[in-house]
Amino acid sequence: MNRSFLIVVSIALLLGSCNPQKTVFEEVDGLAAFSADSLGKHIAELSDDDFEGRKPFTEGETKTIQYLKEKFIAAGLEPGNGESYFQEVPMVNITTHAAPAMQVQSAKGNFTLKGPDDYVIWTDKTDTAVSLDNDELVFAGYGVVAPEYNWNDYEGLDVKGKVVMVLVNDPGFNAGDTSLFKGKTMTYYGRWTYKFEEAARQGAKGCLVVHNTEAASYPFTVVQNNWNTSRLRLDPRGKVEKICDVIGWISGPAAQKLLTAAGKDTALLASADIRDFKGAALNLKLSTSIQVKTNYNQSNNVIGKITGSKYPDETIIYTAHWDHLGIGTPDETGDSVYNGALDNASATAGLLELARGFKSLPTKPERTIVFLSVTAEEQGLWGSAYYAQNPIYPANKTVANINMDGLNWYGKTKDVIIVGQGQSELENYLRQEAAKVNRVITPEVHPEAGYYYRSDHFNFAKAGIPALYVGSGIDVIGKESGYGKKMDEEYTEKHYHRPSDEYDTATWKLDGAIDDLQLLFRVGRRLAYGQNWPQWKTGSEFKTIREKGE
């Protein structure tokens with residue numbers, strides 16, 4: 001080879017190495033596609049009465065998934081499941097009719113509790129009827145078996161065929177002890193869903209969770225909305241499951257009445273916060289019944305994608321659930337449509353804005369971007385659970401999940417909240433992207449609510465996929481300190497899971513939602529180019545799952 005040619009090539013390579021590689025995208029790329037007007041129109045449409053509260057298995061589902069398919073196509077998304085925009089989710093709709101009262105036998109005399117004033121019960125079983133028939137009641141503390149915390153509320157306690165009464169949240173919450181679990185920050189052991197699962201594993205016939213507004217993060221009225229309504233779960237046929245016959249909630253005053261009849265007081269409840277707590281039979285017997293009707297059908301996740309230009313088998317998945325509660329118990333105004341404007345028409349509409357943002361990028365994403373709107377979140381995160389169990393894109397090739405569940409409706413904020421802070425390196429990405437636009441990360445206002453375990457990203461986390469979930473900030477620009485917290489708490493108290501969760505153009509300010517969407521877009525855009533894989537942080541309960549799967 002000619003020596004002069006080699007010299008020229010060497011100089012060229014040297015010069016090239018001195019210059020940084022050109023960034024594949026500019027900081028402003030894709031941001032102009034986001035529109036508060038567009039977002040508001042989608043929220044208004046999805047939460048309109050015509051969509052009947054978007055409950056699966058209803059005409060509301062049919063309208064919702066068709067709407068999303070049309071908007072995915074209009075945004076330029078490809079079908080996300082082969083040639084289809086849908087992933088069928090086989091489910092069963094369980095409609096229960098509980099007897100209006102529960103009989104209690106005690107040594108001090110018999111009495112009745114009234115549903116739904118004192119308790120709310122249902123069943124996940126598909127039998128035609130289930131019942132409690134003079135079944136013993138046992139207090140099992142928090143109903144937790146957590147070896148990593150050296151905690152077992154069921155140790156030495158016989159609950160087979162009995163009804164367990166347990167407290168909501170974790171021992172550290174009521175005790176205010178940071179050495180117990182995660183203190184005020186709820187773990188998955190604090191969730192009522194876990195308590196039902198563990199009670200079934202222990203062989204209990206029933207499980208009643210004692211309600212406490214602060215510990216549960218919502219009032220008993222939210223629980224009462226479930227009285228004699230239908231509930232969905234994944235089709236159990238062909239599966240071996242351990243589930244209780246009767247599950248539900250009991251109000252604080254009703255629990256106190258049971259304790260009094262058992263010759264106990266609140267000291268028994270307080271004793272559950274102590275590490276050497278021992279559960280005890282209450283010498284009470286419960287009787288009631290539930291009639292059951294079942295309907296097997298298919299619901300649908302809606303899924304679209306932008307295929308990556310260089311690494312099409314590596315995916316970044318954005319999620320939001322499209323469903324809400326449908327038509328149910330009328331409120332004080334007579335309104336029976338649970339529109340779910342914030343929860344979760346807002347984030348479903350946000351998916352459409354994100355899709356437009358990614359499609360507008362001058363350079364196509366190198367990794368595949370998936371937009372997944374899942375079903376039946378309100379019934380137990382079932383749509384995302386089915387996807388996690390039957391992934392269209394393998395978990396070990398899924399770079400990250402970014403989930404949304406309720407967007408900011410009260411204006412621009414200086415901050416954004418990471419839910420479940422300390423889980424994954426995605427939080428570092430978010431913090432760095434926020435700094436670029438002069439925003440900051442703040443801690444959760446209510447870590448005791450366990451929000452990290454209450455939305456669809458949780459099922460991705462359980463599959464080992466790093467999952468990011470953010471909440472609306474509370475430091476509202478131009479407002480007094482505490483305004484954002486006040487608005488958030490007002491929504492929870494007055495509108496969460498109520499017919500009044502409606503879109504109001506006069507009071508909703510979506511510029512803050514656009515800021516948050518653009519921030520989540522920036523995180524995904526950063527992941528979309530290159531080969532970085534965010535990891536779980538040390539101390540996350542999901543870290544070993546990812547490591548074992550790789």
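The values are calculated or read from the model by the stated rules, or taken from the named source; none is laboratory data. Quantities reported herein were computed from a predicted structural model and do not represent experimental measurements. Positions of Cβ are generated from backbone atoms using ideal geometry, with glycine treated the same way; all protein chains shown enter the neighbour counts.
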Q. Among (1) of a type outside the set (S, T, Y); (2) at pLDDT 95 or above; (3) over 30 Å from N297 (Cα atoms); (4) in contact with a Lys or Arg (Cβ under 7 Å, 6 or more places away or on another chain), where does G450 come up short?
A. (2)
Q: Looking for whichever is part of a loop (DSSP other than H, G, I, E, B), surrounded by fewer than 24 Cβ atoms within 10 Å (Cβ to Cβ), among the acidic types (D, E) and at pLDDT 95 or above here; the options are D331, D335. Which one fits?
A: D335
Q: Could you grab me the full set of residues in region 53-72 that are in contact with a Ser or Thr (Cβ under 6 Å, 6 or more places away or on another chain) and either outside any helix (DSSP H, G or I) or under 18 Å from S336 (Cβ atoms) (or both)?
A: R54, P56
Q: Check off (1) more than 27 Å from I43 (Cβ to Cβ); (2) in contact (Cβ under 8 Å) with a residue 60 or more places away in the chain for Q432 and give me the number that stays unchecked.
A: (2)
Q: Could you identify the single residue in S360, S373 that is under 29 Å from E27 (Cα atoms) and out of contact with any strand residue (DSSP E or B) (no Cβ under 7 Å at 6 or more places or on another chain)?
A: S360
Q | Selection from region 420-447 of residues that are touching a Ser or Thr at 6+ places or on another chain (Cβ under 9 Å) and modelled with pLDDT of 95 or more | A | S424, R439
(Q) Can you name every one of the strands (runs of 3 or more DSSP E) wholly within region 73-181 that holds 3 or more residues which are surrounded by 15 or more Cβ atoms within 10 Å (Cβ to Cβ) and modelled with pLDDT of 95 or more? (A) 86-98, 101-105, 119-122, 129-139, 163-167
Q: State all residues of region 448-481 that are closer than 20 Å to I392 by Cα and touching a Gly at 6+ places or on another chain (Cβ under 6 Å); if no residue qualifies, say none.
A: G464
Q: Within region 57-73, identify whether any single residue is farther than 30 Å from I303 by Cα and among the charged types (D, E, K, R), and answer yes or no.
A: no
Q) Out of all the residues in region 458-476, is one or more within 26 Å of D49 (Cβ to Cβ) and assigned by TED's automatic domain parsing to the domain that holds R367? A) yes
Q: For E61, state whether it is crowded, with 21+ Cβ neighbours inside 10 Å, among the acidic types (D, E) and over 30 Å from K257 (Cβ atoms).
A: yes
**Q.** Given (1) more than 17 Å from H321 (Cα to Cα); (2) assigned to a strand (DSSP E or B); (3) touching a Phe, Trp or Tyr at 6+ places or on another chain (Cβ under 7 Å), index of the condition V416 fails
**A.** (3)
(Q) Please return the ranges of helices (runs of 4 or more DSSP H) entirely within region 218-283 where 2 or more residues are aliphatic (A, V, I, L, M) and either over 21 Å from G326 (Cβ atoms) or not assigned by TED's automatic domain parsing to the domain that holds E197 (or both). (A) 252-261, 266-271
Q.
Can you pull out every residue in region 290-328 that is assigned to a loop (DSSP other than H, G, I, E, B), of a type outside the set (F, W, Y) and modelled with pLDDT of 95 or more?
A. T307, G308, S309, K310, D323, H324
Q. Among all residue pairs at least 6 apart or on different chains, which show Cβ distances below 7 Å where the first residue, located in region 53-78, is within 25 Å of I327 (Cα to Cα) and the second is among the hydroxyl-bearing types (S, T, Y) and outside any helix (DSSP H, G or I)?
A. G53/Y338; P56/S299; P56/T375; F57/S299; E61/S299; L68/S373; K69/Y85
Q. Does region 361-376 contain at least one residue that is crowded, with 23+ Cβ neighbours inside 10 Å, of a type in the set (K, R) and in contact (Cβ under 8 Å) with a residue 60 or more places away in the chain?
A. yes
